[in-house]
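A short worksheet on the structure shown next.
The values are calculated or read from the model by the stated rules, or taken from the named source; none is laboratory data. Note that this is a predicted model, so its numbers are computed, not measured. Using ideal geometry, Cβ is built from the backbone for each residue, glycine included, and neighbour counts are taken over all protein chains shown.
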Amino acid sequence: MNNPGGNAAAIARRGLMLVISSPSGAGKSTIARNILEAQMDLRLSVSVTTRQRRPSEIEGVHYHFVSMKEFEGLRLSESLLEWAEVHGNFYGTPREAAENAMAAGQDMLFDIDWQGALQLQDKVPADVVSVFILPPTMEELQSRLHRRAEDSAEVIATRLANARSEISHWREYDYVVVNDDLDRAFSSVKAIVEAERLRRDRRHGMFEFVNKLLE
């Protein structure tokens, strides 16, 4: 059967920025990893950070680990699309890699906190799809932090103390998902991505598609 409009799946569009945030332990990193492993054609935006590398983390895969002096140089040269201080450490998104990917139609995944999310929403509001992950209870959040066994008791106490402040920003996100079941939370985020990819205002190639359709 002749398709005068061409291949609908190939309609050109600008990439989207999927921003996933949560208090530490609520599951954003696990959900982000599952999204990447699901082969949904999203690329992780690898942040730079001054935080010490955890034993399970790989340089250039989870983060680019830099000194405070290096971070300050990136910030002053406006090489970061967003940056924030979290739990006494600094994090930021390299500007060039993100902008090139978006222009090429590549969707980017951002595992960042609410401060970075607000900066992205302010700078590129049309590109951002923001999702906030909530824990089912504060008791479960504390339990997950202890089960992770990657942070000291002092660090865990700091993360729990900051969690209430972080959660207060849930209204600033496009979507809110309660992670009481990991599979269900992952499915919800996956559905958000699939729907946002179909938005008319993201698909600039739709003009050409419709013109061909009507020829």
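Considering SER67, SER56, the condition of being modelled with pLDDT under 90, farther than 19 Å from TRP114 by Cα and of a type in the set (S, T, N, Q) is satisfied by SER56 alone. For the range 183-198, the count of residues that are crowded, with 16+ Cβ neighbours inside 10 Å, at pLDDT below 95, out of contact with any helix residue (DSSP H, G or I) (no Cβ under 8 Å at 6 or more places or on another chain) and not hydroxyl-bearing (Ser, Thr, Tyr) is nonzero.
GLU78 satisfies every condition listed in (1) surrounded by fewer than 17 Cβ atoms within 10 Å (Cβ to Cβ); (2) closer than 20 Å to VAL193 by Cβ; (3) touching a Lys or Arg at 6+ places or on another chain (Cβ under 8 Å) except (2).
Residue count for the range 36-60 under the criterion of being farther than 21 Å from GLY15 by Cα and under 15 Å from the mean Cα position of the chain (by Cα): the result is 1. Residue under question is PHE110, and the condition is that it be within 17 Å of ALA32 (Cβ to Cβ) and in a strand (DSSP E or B); does it hold? For PHE110, the condition - within 17 Å of ALA32 (Cβ to Cβ) and in a strand (DSSP E or B) - is met. Within the range 154-170, residues that are farther than 16 Å from ARG144 by Cα reach no partner that is at pLDDT below 85 with beta carbons closer than 8 Å at six or more positions or on different chains. Counting the residues of the range 153-185 that are β-branched (Val, Ile, Thr), part of a helix (DSSP H, G or I) and under 21 Å from ILE35 (Cβ atoms) gives 0. Restricting attention to the range 127-152, the residues being in a loop (DSSP other than H, G, I, E, B) and either aromatic (Phe, Trp, Tyr) or at pLDDT 90 or above (or both) number 4.
In the condition set (1) under 14 Å from the mean Cα position of the chain (by Cα); (2) free of Cβ contacts under 8 Å to residues at least 60 places away in the same chain, LEU80 is compliant with all but (1). Across the range 125-133, not a single residue is classified as surrounded by 15 or more Cβ atoms within 10 Å (Cβ to Cβ) and without any contact (Cβ under 8 Å) to a residue 60 or more places away in the chain.
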